[in-house]
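*Asks:* Below you will find the structure I want to go over with you.
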Amino acid sequence: MKKTLCAATLTGLATLMLAAASARAEIVTLPGGAVANYQQSNGGQGATGTISGSIQQGTTNTPINCTFDAVQGQLTGSPACAQLLTGAAGAQTLRRIEKPIVALRTTAASALQSTANLRMFDDLVQRRIGAAFAIETQVGVQSGTSAAAPSGLGSWGYVGGSFIGDDRLGFEKSGHDMAATVGVDHAGSNALVGGYVGYLKSDIDLTSLQGNLSSGGWTAGAYVTYLLGPVLSVSASGSYADTSVDLARTFAGAQVNSEYGHTEWSGSATVNGNWRLGDAAAFTALTGLAYGTWRDDAYTDSRGISFDQARGKNTWFKAGSILTLLSSPSFRPYATATYSRLLSPLGYNTGRDSLNVGGGVALVSGRFSGGLEVSTVLLQPGQRNTSVGLNFRLAI
């Protein structure tokens, strides 16, 4: 019962914050000289916004209280609400009411997509590459089986993605984010330095707008892991992505199309500790920061509505662990758990706390290694993010 109340409170708080952030005042001159003075708030359910204010006609002041549906194109409520849509100025007024509602829904989708990408690339570099290098080197030193990790060039590839969704009223959406990347790095006696390029694709159904958002483009990144001693290491990474977005939504029974550019930047830095637990396991602990920011370019849709540039950013503190079983030199299952705390404003997140749990298996055979990993995000009521990925590595 307490958990349900907490989730409802967080969802309500996020909705109220979005409503407050998107409230806007408008003054419109109507046919016949009447002046409408109203305030619009778009944090409501579905694709709706609320409008409240008054219409001044001479000495007569008529209050208005309306609800606008951005899918049906309907304005309902007080009888005087219909006056806002009459005359030559009606179509323009309609667009001014519609614009912030659509903008809020699409930027919420962009925020969810960029958060999924940040988590995916952070995990890719910090855990599958950086931590694996540190484990091979430091565990070997601790056990006395080797003095250092093999030096030289290495290549790797990754194919995977995230299944994402949002059940919160007004922000319902579902879909997937996919990535295919290849990279090259160089391992020395105490450092690993590398980079990668890849392709991103997403497909998200925007339920609240009866539409779909799809995107595709490229990404590139770089990373480094440096060993400070037999236990401690540090890792840092950064990535950039540039994609093109196609957005289709419904208005009054017709499809509205638009296209715009979407870019993302991310960075992460962690301090890691690796310990050998007897002959059967290794334990890794990490703590650090992850930062991500995104931007949607300005665009004009097929209805003639011009949307401004939108952007957002998140900074997360994280602390996590990896338990790797070493009972077999060629078959290494592992489990992961990472707790994150949002340090920046809530924005489109339900809450500040996030827990990413998962596991996988690494296969090692000579110069080749690879594996499968699955993880999911908890402690974000109403939101879902589960990722699956295949990776391989080849020592050159």
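*Asks:* Would you list which aspartates and glutamates come within 18 Å of Lys318, measuring only between C-alpha atoms, while excluding same-chain residues fewer than 8 positions from it?
*Replies:* Partners found: Asp122, Asp123, Asp353.
*Asks:* Please get the size of the charge dipole for the chain, origin at its Cα centre, with Cβ charges of +1 on Lys and Arg and -1 on Asp and Glu, quoted in debye to the nearest 20.
*Replies:* Values: 26 positive and 24 negative charges, 126 e Å.
That gives a dipole near 600 debye.
*Asks:* Could I ask something else about it? Based on the Cβ-Cβ distance from Gln309 to Ala280, what FRET efficiency comes out when R0 is 45 Å, to the nearest 0.05? Kindly include the intermediate steps, with their values, before the conclusion.
*Replies:* Details: r = 54 Å, r/R0 = 1.20.
Once the sixth-power term is evaluated, E becomes 0.25.
*Asks:* Can you sort Arg332, Arg352 by solvent-accessible area, 1.4 Å probe, largest first? Walk me through the intermediate numbers first.
*Replies:* On the way: Arg332 50, Arg352 80 Å².
Listed by decreasing accessible area, they come as Arg352, Arg332.
*Asks:* With unit charges on the beta carbons (Lys and Arg positive, Asp and Glu negative) and the dipole taken about the Cα centre of the chain, which residue among Ile322, Tyr291, Thr181 sits farthest to the positive side?
*Replies:* In the chain, that residue is Ile322.
*Asks:* Find the relative contact order for the chain and round it to a whole percent, using C-alpha pairs within less than 8 Å whose residues are 6+ positions apart. Walk me through the numbers before you get to the answer.
*Replies:* Numbers: 1019 pairs, mean separation 51.1, N = 396.
Over the chain, the number comes to 13 percent.
*Asks:* Given Cβ point charges of +1 (Lys, Arg) and -1 (Asp, Glu) and nothing else, what value in debye, to the nearest 20, does the dipole of segment 183-293 about its Cα centre take?
*Replies:* Working: 3 positive and 8 negative charges, 50 e Å.
Approximately 240 debye in magnitude.
*Asks:* I've got another one for you. By accessible area of protein heavy atoms, probe 1.4 Å, what ranking do Trp218, Trp265 get, highest first?
*Replies:* On the way: Trp218 125, Trp265 95 Å².
Putting Trp218, Trp265 in descending order of accessible area: Trp218, Trp265.
*Asks:* Still on this structure, I have one more. Using a 1.4 angstrom probe on the protein heavy atoms only, line up Lys173, Lys201 by accessible area, largest first.
*Replies:* Numbers: Lys173 10, Lys201 100 Å².
Accessible-area ranking of Lys173, Lys201, largest first: Lys201, Lys173.
*Asks:* Taking the Cβ of Lys99 as the center, what net charge do the other residues with Cβ under 15 Å away carry, scoring Lys and Arg +1 and Asp and Glu -1?
*Replies:* Details: positive: Arg24, Arg95, Arg96, Arg105, Arg249, Arg303; negative: Glu26, Asp69, Glu98, Asp296, Asp301, Asp308.
Result for the neighbourhood of Lys99: 0.
*Asks:* Considering only protein heavy atoms, what is the solvent-accessible area of Tyr299 at a probe of 1.4 Å, reported in Å² to the nearest 10?
*Replies:* Number for this one is 20 Å².
*Asks:* So which residue, out of Ser202, Ser215, Ser54, gets the largest mean-square fluctuation from a GNM of the chain using Cα contacts under 10 Å as springs?
*Replies:* For the chain, modelled as a Gaussian network with Cα springs under 10 Å, the answer is Ser54.
*Asks:* On to the next question. Would you mind getting the accessible area per residue of the chain, heavy atoms of the protein chains only, 1.4 Å probe, in Å²?
*Replies:* Working: 17010 Å² over 396 residues.
Roughly 43 Å² per residue, with all protein chains present.
*Asks:* Provide the gained length on full extension for the span Arg24 to Leu372, in nm with one decimal, where the gain is 0.36 nm per separating residue minus the Cα-Cα distance.
*Replies:* Numbers: separation 348, 0.36 × 348 = 125.28 nm, distance 4.82 nm.
Extra length from Arg24 to Leu372 when fully extended: 120.5 nm.
*Asks:* Now for a different question. How far apart, in nanometres, would the label points at Thr76 and Arg95 be if each is projected 7 angstrom from Cα along the Cα-to-Cβ direction?
*Replies:* If labels sit at Thr76 and Arg95, their model points lie 2.7 nm apart.
*Asks:* Follow-up. At 7 Å along Cα-to-Cβ for each site, give me the label-to-label distance between Ser330 and Trp265 in nm.
*Replies:* According to this spin-label approximation, the distance is 4.7 nm.
*Asks:* Leaving ligands, DNA and RNA out of it, work out the accessible area of Thr29 with a 1.4 Å probe and give it in Å² to the nearest 10.
*Replies:* Surface accessible to solvent at Thr29 totals approximately 90 Å².
*Asks:* Quote the accessible area belonging to Ile305 in square angstrom, nearest 10, computed with a 1.4 Å probe and with ligands, DNA and RNA left uncounted.
*Replies:* Looks like 10 Å² after rounding.
*Asks:* Rounded to the nearest percent, how much of the accessible area of the chain (1.4 Å probe, protein heavy atoms only) is carbon and sulfur? Intermediate results must be reported in sequence, preceding the final value.
*Replies:* Working: 10650 of 17010 Å².
Accessible surface attributable to carbon and sulfur in the chain totals 63 percent.
*Asks:* While we're looking at this one, here's another question. Within 10 Å, count the other beta carbons around each residue, average over each peptide in 96-106, 336-346, 362-372, 237-247, and list them highest first.
*Replies:* Details: 96-106: 22.1, 336-346: 17.3, 362-372: 14.9, 237-247: 19.5.
For the peptides 96-106, 336-346, 362-372, 237-247, the packing ranking is 96-106, 237-247, 336-346, 362-372.
The values are calculated or read from the model by the stated rules, or taken from the named source; none is laboratory data. Bear in mind the structure is a predicted one, so any value in this text is a computation, not a measurement. Cβ coordinates were reconstructed from backbone atoms using ideal geometry, including for glycine residues, and neighbour counts include every protein chain displayed. In case anyone asks, the SASA skips ligands and DNA or RNA and just uses the protein heavy atoms, side chains included. Shrake-Rupley method; radii C 1.70, N 1.55, O 1.52, S 1.80 Å.
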